[in-house]
Every structure is written in C-alpha cells, then in structure tokens.
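Asker: Input: one structure, supplied below.
The values are calculated or read from the model by the stated rules, or taken from the named source; none is laboratory data. As the structure is a computational prediction, the values presented were derived from the model and not from experiment. Backbone-built Cβ (ideal geometry, glycine too); neighbour counts: all protein chains shown. Only protein heavy atoms, including side chains, enter the accessible area calculation; ligands, DNA and RNA are left aside. Shrake-Rupley method; radii C 1.70, N 1.55, O 1.52, S 1.80 Å.
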Amino acid sequence: FGIGMLIVFLAVVGVGAFAMGHQPASNIKTIDPEKVTETAPFDNPGLVHIEGNKYELNLVAEAFAYTPNTIQIPKGAEVTINVATKDVVHGFSIAGTNVNMMVEPGYISSYTQTFDKTGEFLVLCNEYCGAGHHLMMSKVEVI
Ligand code: CUA
C-alpha cells in the first residue's frame, strides 16, 4: 500500500509539473543583494507614475524597516510593487489586500495590485527576520 501511494504521489506531482506547468516561474528577476541601493530602480525607491492609472512602487526592505516608510497612492491606481532586500528574508504584506510576498535576498518580488478603496493600510513583515521583526512595519495611504 505504501509503495502504491508513493507511485500515486509521484504521478500527481509529475503530471502537475510537466503536463500542467506548475513550476517555478522562469521570469523571476534577480539582483545583487549587496548592491540593492546602487541598482535602479532601488537606488531611488518610491512611487513612479508610468501612464494613465499605472504606477510602479519600488521598495527596499532591510532589518527592520522599509524604504520609503510611508507611501501615498492615488485611489484607483494599478500599482506594480517591486521589493528587494538588502540583508535577510523579509515579508511584505499589506493588510486588507491580496499583497503578501516573501522577499528573498538576490531576488525581486513583484505583485500588481489595484487600490480601489481610500484609507490607511498597514504594511507588515510576515517573515521572522531577527530581534526587531515585530517592529518592522510601514503604511500605505490611499488618497
Ligand atoms: Cu523583516 Cu520580519
């Protein structure tokens, strides 16, 4: 029975990975974690207007803060959020939205979110990153 279940398990994983394409994305962007603040766009983090209602928000995470710390976003903006870390693994989640990313050294984490509701949203680090983890937070203001 055990061997049978193992074969079933491997078949499910194999079909998922090779027939249905459930594999790590091949378009993940990388970054030198020691040169985050020298690498565009993270050398000048913040909100950038692209066109119409499209924006890009670039953030740097480090123990135990985000740069910039408070972000103002116009209501209705479609924002592609890019986060890079200078040191260890951090999280980037915006309470009350679907934004919830792990930020790993060497990689740029991205997610696109439309901000339809005005208000203040708490940004939290949800990966344990050291003694100051519980202090690592910032704020998004949708105005
Ligand atoms: Cu950064 Cu926990």
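Asker: Given (1) out of contact with any Leu (no Cβ under 9 Å at 6 or more places or on another chain); (2) of a type outside the set (Ser, Thr, Tyr); (3) under 15 Å from residue 46 (Cα atoms); (4) open to solvent by 50 Å² or more (accessible area, probe 1.4 Å), where does residue 75 come up short, assuming only one miss?
Answerer: Status for residue 75: all satisfied but (3).
Asker: If you don't mind, there's one more thing I want to ask. In segment 34-93, what residues are farther than 22 Å from residue 137 by Cβ and in contact with a Gly (Cβ under 8 Å, 6 or more places away or on another chain)?
Answerer: Residue satisfying the conditions is 53 alone.
Asker: Right, next: Looking at residue 70, is it farther than 23 Å from residue 38 by Cα, more than 16 Å from the ligand (Cβ to nearest atom) and surrounded by fewer than 19 Cβ atoms within 10 Å (Cβ to Cβ)?
Answerer: No; evaluated as a whole, the condition is false for this residue.
Asker: Criterion first (at pLDDT below 95, away from the ligand (no atom under 16 Å from the Cβ), under 22 Å from residue 27 (Cα atoms) and under 16 Å from the mean Cα position of the chain (by Cα)) does residue 82 satisfy it?
Answerer: no
Asker: Now, a different point. Say we look at segment 20-48 and pick out the residues that are of a type in the set (A, V, I, L, M, F, W, C) and out of contact with any strand residue (DSSP E or B) (no Cβ under 8 Å at 6 or more places or on another chain); which of these is least open to solvent (accessible area, probe 1.4 Å)?
Answerer: Result: 25.
Asker: Right, here's the next one. Being under 12 Å from the mean Cα position of the chain (by Cα), closer than 23 Å to residue 125 by Cα and modelled with pLDDT of 95 or more is true for just one of 88, 48, 103. Which residue is that?
Answerer: Step by step, each of 88, 48, 103 is checked, and only 103 is under 12 Å from the mean Cα position of the chain (by Cα), closer than 23 Å to residue 125 by Cα and modelled with pLDDT of 95 or more.
Listed here are the residues, each with its yes/no results for (1) touching a helix residue (DSSP H, G or I) at 6+ places or on another chain (Cβ under 8 Å); (2) part of a loop (DSSP other than H, G, I, E, B); (3) open to solvent by less than 50 Å² (accessible area, probe 1.4 Å).
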| residue | (1), (2), (3) |
| --- | --- |
| 18 | no, no, no |
| 50 | no, no, no |
| 57 | no, no, yes |
| 61 | no, no, yes |
| 83 | no, no, yes |
| 91 | no, no, yes |
| 102 | no, no, no |
| 111 | no, no, no |
| 128 | no, yes, no |
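For every residue, the table says whether it meets (1) within 28 Å of the chain's Cα centre (by Cα); (2) more than 28 Å from residue 109 (Cβ to Cβ); (3) modelled with pLDDT of 95 or more; (4) among the hydrophobic types (A, V, I, L, M, F, W, C).
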| position | (1), (2), (3), (4) |
| --- | --- |
| 13 | yes, no, no, yes |
| 16 | yes, no, no, no |
| 28 | yes, no, no, yes |
| 35 | yes, no, yes, no |
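Asker: Would you check which residues across segment 113-126 are within 15 Å of the chain's Cα centre (by Cα), open to solvent by 20 Å² or more (accessible area, probe 1.4 Å) and more than 8 Å from the ligand (Cβ to nearest atom) and list them?
Answerer: Those that are within 15 Å of the chain's Cα centre (by Cα), open to solvent by 20 Å² or more (accessible area, probe 1.4 Å) and more than 8 Å from the ligand (Cβ to nearest atom): 113, 114, 122, 124.
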